[in-house]
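Computed from the coordinates by the stated procedures, all read-outs in this text should not be read as laboratory data. The structure presented is a predicted model; accordingly, all values stated were derived computationally and were not measured. Cβ placement follows ideal geometry from the backbone for every residue including glycine, while neighbour counts extend to all protein chains displayed.
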Amino acid sequence: MAGRIPDSFIHDLLARTDIVELIGARVELKRAGRELRGLSPFTNEKTPSFFVSPHKQMFFDFSSGKNGNAIGFLMEYDRLSFVEAVEELAQRAGLDVPREGGFEPRVVMDGPLDALAAAQRFFREQLRHAPQAIEYLKKRGISSETAKTFGIGFAPDSWDALTNFLKDTRHAIDAGLLIPRDGGGAGRACYDRFRNRITFPIRDTRGRVIGFGGRTLGNDPAKYLNSPETALFHKGRNLYGLYEARQAAKGAIPYLIVVEGYVDAVMLAQFGITEAVATLGTATTREHLQLLFKSTRTVVFCFDGDRAGRAAAWRALDQALPEIHEGRECVFMFLPDGHDPDTLVQEIGAEAFRARIQQALPLSQFLLGELSRQVNLGTLEGRARLVAQARPYLDKLRAGPLRTLMLDELARLARMNRADVEAALGRTDGPAERAAPDSAPRPAPVPGASRPVRRLMQLLLERPELAEGVANLQLLAQADMPGIDVLIEALDYFHAHPNARAAQLVEQWKDSAKGRALGRLLAEGPLGLSDEAVEAEFREAIGRLTVRALESEAARLLAESAQRELTAAEMEIIRSFHASRPARSRR
């Protein structure tokens, strides 16, 4: 008999679900600042007041008062039960729904991961006994240490070497490692996908192998072969080398270089340029950009300088425009003829290669430069055409300093004043930041919470990763403020689930008073602040709350000191409080 669906599975399922993609298939959405906006699917409104937040993975409908995560949307829109909504999302992700106490004791999605990890061990071992593969790596200049760092291996020239090695071929088929033969999908009725190839394991941000790339050593017309799309692996959402780049970083990553080949990323890392990642045989996507900007503020696109390279760069620019905001930056580096990053860094060295990065074209210069080359700026018609051609690209940029400066530069190139350019573009600023309609009902504040705690909760829900910087939750809990226990519980949750978003906390707390209060708080919508502003306010508020906690704890300990001798740790708390008093009085 089927049992309860484990909370851990629901948590991971929400992490794998893109709520924008889910709702966008049912509701027409348009970009509105950090969110997407559309007409409410639950009422007959004519002015859009329905918003989807990619950052929180939540939807908010000010027309009907509904809000929630992907599961809640399916329950409301498709009128599904909770279990039916979970099963629908699981089917989309290619997963089976496990049940506690049922016939499936473990989460099925771990099966393919186990198969991929086993395949990685197998390929690494095979490389040790494959002189032709070792010779190829030496010829490319890849050292044994670099091969070890990136987990490079070798798939033997055999149809069933991996098949015979793996005990459970069903999970290996699900992982894209094996291919079922006609008329069969289990037992030995399958064969190896990767044969006679150097293997490059593709890891997710947690370091788990989710797929492979393979470079043939034979005459196979497919020089490179990637794992197929699976529930774990999506070419448009993953990047080769990102995990290794983050592991190599000793602090903030100044920039990430996007190259096209596995060996390009590997060779740059071998020369000490560890900030390189590679796309997986596909053009750069919005999902790639969102993944990159989680690790750095600057993305360097590195392409060949020929026509194909510039065309690829233009496609990347088109995808990047909506993601450039709040200090983010994209630059474009074009290589000399006959070179790729692998050969260039071996010829000129790391220092000269990094110097070329510093000379890369900013996005604005590349965009307006390419458009200018397509027209004759010496004629009125050419300048008018330039403005017309620039419009769809400027429309993708969010309102902000960069868009303003690009409008100024466009006006200079077209020899027009700024007002005339804006009139020609048909708008005076970029996509508006979202604001709730005046008529939208304002939700009640979180019951029992003080204003500072309530504000901290709002900031935390906007950027849950800030919880990592809050170390001493036990001390913070001593702050004498209503609602502090709920804040501590939220911080503790995001400590335990570092990749979780607000949607998962809502699901964790569903059917409880604090969960309903959280929903009302989220329904107020985004704060309209940049990531930097949210972080700065959060840290300052946590600092004030820590002083409050120190004051409360110090008072308690001083009272107890009349009855007993305080420990060294307790005395340190009192000293810390007294040390904070001058700073507190200045505030």
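General remarks:
- A simple spin-label model places pseudo-atoms 7 Å from Cα toward Cβ; at residue 132 and residue 318 they are separated by 4.1 nm.
- Computed over every Cα-Cα pair of segment 242-366 and binned at 5 Å starting from 0, the pair-distance distribution P(r) comes out as 2, 11, 24, 27, 22, 12, 3, 0 percent.
- Relative contact order of the chain, pairs being alpha-carbon contacts under 8 Å that are 6 or more residues apart, as %: 11
- Hydrodynamic radius of segment 110-226 by the Kirkwood approach over all distinct alpha-carbon pairs: 14.4 Å.
- For a straight C-alpha distance cut-off of 27 angstrom, the lysines reachable from residue 396 (same-chain residues fewer than eight places away being disregarded) are 30, 46, 56, 235, 294.
- Rh (Kirkwood; distinct C-alpha pairs) - segment 7-93, Å: 13.1
- DSSP beta bridges confined to the chain are antiparallel in about 70 percent of cases.
- Efficiency of FRET from Cβ geometry, residue 21 and residue 337, R₀ 41 Å, rounded to 0.05: 0.55
- Cα-based Kirkwood hydrodynamic radius, the chain, one decimal, Å: 27.4
- Potential lengthening of the chain between residue 310 and residue 412 amounts to 34.2 nm, from the contour at 0.36 nm per residue minus the alpha-carbon distance.
- Cα centre as origin, Lys/Arg/Asp/Glu Cβ charges: the chain dipole, Debye: 740
- Summing +1 for each Lys or Arg and -1 for each Asp or Glu among the other residues whose beta-carbon sits under 13 angstrom from that of residue 513 gives +1.
- The calculated 222 nm mean residue ellipticity attributable to helices in the chain amounts to -14500 deg cm²/dmol, summing -39500 (n - 2.57) over DSSP H runs of n ≥ 4 and dividing by all residues.
- Dimensions of segment 468-515 from C-alpha coordinates, computed as largest minus smallest value along each principal axis and given longest first, are 27, 24, 11 Å.
- Segment 296-335: C-alpha gyration tensor shape, a/c 1.5 cut-off, then a/b vs b/c: oblate
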